[in-house]
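Below: the structure, in C-alpha cells.
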Amino acid sequence: MNVAVLVKWVPEPEGTPRLGDDHLLVREGADGALDPGDEYGLERSLQLVERDGGEVSVVSMGPGVAVAAVQRALAMGASRGLLVTDDALRGSDTLVTARVLAAAIRSLAPVDLVVAAVESTDGYTGTLPIGLAELLEWPSVTFATSLDVVEGELRAERQTGSGTELVASPLPALVTVTTGVAEPRYPSLKGVMAAKTKPLDRPSLADLGLTDDELRPTQTVDSVGAAPAKSGGRVVEAGPETAAEIADLLAEARVI
Amino acid sequence: MAPVWVWADLAPDGVAPSALELLTKACALSDGVAALSLGPGATVGVATLGEHGASRVYASDDERLVEPTSRVAAHTTAALVAEHAPEVVLFPSSYRARDVAGRLQAITGSTLMANAVDMPSLSRARAEILGGTTVVEVALEGAPPHLVMMRPRSFEPEAVGGVAEIVDVPVVAPDDLVAVRVLGRTDAAASGPSLDDARVVLAGGRGLGGPESFRLLEDLAEAIGGTAIGASRAAVDAGWVPYAMQIGQTGHTVKPEVYVAAGISGALQHAVGMKGSRRIVAITKDPDAPILRMADLGVVGDLFQVLPSLTEEVRRRTGR
Ligand SMILES: Cc1cc2nc3c(=O)[nH]c(=O)nc-3n(C[C@H](O)[C@H](O)[C@H](O)COP(=O)(O)OP(=O)(O)OC[C@H]3O[C@@H](n4cnc5c(N)ncnc54)[C@H](O)[C@@H]3O)c2cc1C
Ligand SMILES: Nc1ncnc2c1ncn2[C@@H]1O[C@H](COP(=O)(O)O)[C@@H](O)[C@H]1O
C-alpha cells in the first residue's frame, strides 16, 4: 500500500506569527517547523505500512525553508519526500494549494491513501484536504479519530456534529485525522541520519503540468488590523475575598 | 438583485441556530435570500427559515445527501448553483458544511473563505486570523458564487416574518459517488443546557490534573444553574472528558454571559472559541498566562482552593 501524507511547514507553533507589508504571513526567515498536527497522521501511516508493507511518501507545498518539515517527516520514517516551492505560490488560497497537491499526488501514482490533518495550525481553514479529494474524484473520510486498513478497505471512526460514525471506504481515498489516531514517535538519531540520503523531489510547477490559470488566487488580503483588545479587566491574587468577587460578577451578569 | 444563499444545517428539531444567524446576515446583503436544506428532515424547518428571511428553501430529504463523504450534497449543490447562479453562498463552520463547501469549491472553481466573522459587501469578507489576534479584510474574486464559511455566533438571528416557498431539489448521486458505507453510529448523549445555549460556561483545562477534578466544575454548575461544562484540548486529548466538550478552534465556539476558565492557559487556539464571551473569569496559577489578559476578572491562585470556596459562596447566595 502506498500512502501519501500531506505535511505542512508552519511558522513556529509556539511563536508569534506576523503579517508582512504585503499582508501575507511572513514565512521566509521565520522560525518554523513541521505542523505538529501532521505528525499524528504520519505516525499512523508509518504504523500501517510497517504492519502491511508498502511505502509512505510525504508531500508538501511551501517555501524553501519547508525542507526542514519534510526532513523531519523523513527522519520519523517516511521513505521519500516531495516539496513544491515557487515564488508564484506565495499567497495561494486553498484551491490553488489543492490543485498543486493534487498534481503532486498524481505524479506519485499509484497512491492508495492520502492522509492529512483536520486543519493546519496556521491557516486552519480545514477545507484543503476535502477540496483535494474532490479534485482527485476520490471518496473522503474527514475528522477521523481512528484509522485502519482492513482487507483492502479503509476503516475509520469519525467525529460528526452529533456523535461518531464508523465508516468503510474503498481505496483510493483521502482521510483527515485528529490527534487521536496515534502518538507520534520522536525521530531517532538513526532516522535523522537516514533522512539525509532519502529521495526528496523538488518538481517545478511546469513539471507538474500546472498552468497560470490554475494558479491564480481568488482572495487578496487588502487590510490588516489588530482585533479589538479587551479593556478594563483586572487581575487579582487569590485571597479570602476571591469567592465573593467572582460571585459579585456572576450576580452583575444576572446569572445568579 | 444578487441572490445570496445560506447553507442551513439540519438539527433534530429542524434548523441549526447557525442557519438563522446566516439568514440574518444574508438579508442585510441582499433582498433575494434563499436557503439550502438538504438531508432527512429537510422540510421540518422551512417555516422557521422563512420567518428569518428565506424567500425560497431548496429542499430534499433524500438520505443520500448525508452520506459521509459529502459528495452527493456537494454535487447536488453544484447543480443548483449552476442553474440559479447565486452571488454568494454562506456556510456555517460545522463539520458537514466544511466538507460540502470544500468539495463545492473544487467543482465550481470558486473562492472559499474560511473563518469569516463578517461580510461588509458581496465581495468582501472579514476574518479573524492568527488565533483571533488579527483582523483582515479580504477581497473575494474569481468565478461566482463566493463561498464564505462564517464562524459561529457572528450574527444575532432576527425574525423578519416571511414565508418561504419550498423548491424540491433533484439529487445528483451517480452510483460511484456513494462509495463509503456507514457501519455504525453513536450519538453523543446530551444532558443539561448545551455549550451553545448555556448562559454560563465553566471550562476546565490541564490544570485540573485529572478527570475526577471536573467534579469541582459540576458542583459549581449545579449551584449556579443554566450552566454547561467545557474543556480545553489538553483535557480532551488527555482523555479526561469527551471531544464533544472541547472549546476552541477545533471545538465549540461559545459566547455565554459568563465564561469561567479554570486551569486553562489561554492558547490562541482556545481563545478563538471563547473570547467573544460577555464576561470572562480566569483562574490560573501562572501570573503570565495569556488567559489573564482576556479576563474581566483574572485570579492568580490554586483552583483547588478557589473553586470550592466559590461554590460555597454561590450556594449561600442562591440557596441551591
Ligand atoms: C491545530 C490546533 C488546534 C487546536 N485546537 C484547540 C482547541 O480547539 N481548543 C483548545 O483548547 N486548544 C486547542 N489547541 C491546543 C492549544 O494550543 C493548547 O495546547 C491548549 O489549549 C492548552 O490547554 P490548557 O490551557 O488546558 O493547558 P496548558 O496550556 O498546559 O495550561 C494549563 C494552565 O493551568 C494552570 N494550572 C495548573 N495547575 C493549576 C492549579 N492547581 N490551579 C490553577 N491553575 C493551574 C497552569 O498555570 C496553566 O496556566 C489546538 C492546537 C493546535 C495546534
Ligand atoms: N501547503 C501545504 N502542503 C502540504 N499539506 C498541506 C498544505 N496546506 C494544508 N495541508 C494539509 O491540509 C491540512 C488542512 O489544512 P488547512 O486547510 O490549511 O487547515 C493540513 O493540516 C495539512 O495536512
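Numerical summary
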quantity	calculated
Probe 1.4 Å, protein heavy atoms only - accessible area per residue of segment B:1-147 in square angstrom	29 Å²
Charge dipole (debye, nearest 20) of chain B; +1 at Cβ of Lys and Arg, -1 at Cβ of Asp and Glu	820 debye
Paramagnetic reach from B:Ala11 (point 7 Å along Cα→Cβ, amide N under 15 Å) across segment B:251-294	B:252-256
Portion, in percent, of the accessible area of chain A that falls on carbon or sulfur, probe 1.4 Å	50 percent
Helical contribution to [θ] at 222 nm, DSSP H n ≥ 4, -39,500 (n - 2.57), averaged over chain A, rounded to 500	-8000 deg cm²/dmol
Separation in nanometres of the label points that stand 7 Å from Cα toward Cβ, at A:Glu252 and B:Asp237	3.4 nm
Residues of chain A: accessible area per residue with a 1.4 Å probe, Å²	43 Å²
In degrees, nearest ten, helix B:303-318 long axis to first principal axis of chain B (Cα)	80 degrees
Inter-chain shielding of B:119-129 (mean C-beta neighbours from other protein chains, 10 Å cut-off)	2
Pair A:Val236, B:Arg316: separation of 7 Å Cα→Cβ label points (nm)	1.4 nm
Heavy-atom accessible area ranking, 1.4 Å probe, most first, across B:His270, B:His252	B:His252, B:His270
Dimensions (Å) - chain B, Cα atoms, principal axes, largest first	62, 43, 37
Segment A:1-109: GluC sites (Glu not before Pro) falling in loop per DSSP and having at most 16 other Cβ within 10 Å	A:Glu14, A:Glu28
Peptide B:298-305 - average C-beta neighbours from other chains (10 Å radius)	4
Peptide-level mean, for B:252-264, of C-beta atoms on other protein chains within 10 Å	1
Accessible-area composition of segment B:63-124, carbon plus sulfur, in percent [1.4 Å probe]	49 percent
Stretch gain in nm, segment A:Ser146-A:Tyr186, where the contour uses 0.36 nm per residue and the Cα spacing is subtracted	12.4 nm
Percent carbon-and-sulfur accessible area, segment B:183-257, ignoring ligands, DNA and RNA, probe 1.4 Å	49 percent
Full-extension gain in nm, B:Asp168 to B:Thr134, via 0.36 nm per residue minus C-alpha separation	8.0 nm
Calculated log₁₀ intensity ratio I(q)/I(0) where the Debye formula runs over C-alpha points of chain A, q = 0.12, 0.15, 0.16 Å⁻¹	-0.74, -1.04, -1.15
Tilt relative to chain B, helix B:71-84 - C-alpha long axis, 0 to 90 degrees, to 10	50 degrees
Residues along segment A:119-159 losing 50 Å² or more of accessible surface when the other protein chains are present rather than the chain by itself (probe 1.4 Å)	A:Glu119, A:Tyr124, A:Thr127, A:Ile130, A:Glu134, A:Phe143, A:Gln159
Summed buried accessible surface, chains A and B, 1.4 Å probe, nearest 100 Å²	6500 Å²
1.4 Å probe, heavy atoms, protein only - residues of segment A:77-106 losing at least 50 Å² accessible area vs chain alone	A:Leu95
Within chain A, longest stretch free of exposed trypsin sites (Lys or Arg not before Pro) [DSSP loop, at most 10 other beta carbons within 10 Å]	A:1-195
Relative contact order for chain B, counting Cα pairs under 8 Å that sit 6 or more residues apart, in percent	14 percent
Distance (nanometres) between label positions extended 7 Å along Cα→Cβ at A:Thr211 and A:Glu137	1.8 nm
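The values are calculated or read from the model by the stated rules, or taken from the named source; none is laboratory data. Remember, predicted model here, so these are calculated numbers, not experimental data. In this analysis, Cβ positions are derived from the backbone assuming ideal geometry, glycine residues included, and neighbour counts consider all displayed protein chains. Note: areas computed on protein heavy atoms with side chains; ligands, DNA, RNA excluded. Shrake-Rupley method; radii C 1.70, N 1.55, O 1.52, S 1.80 Å.
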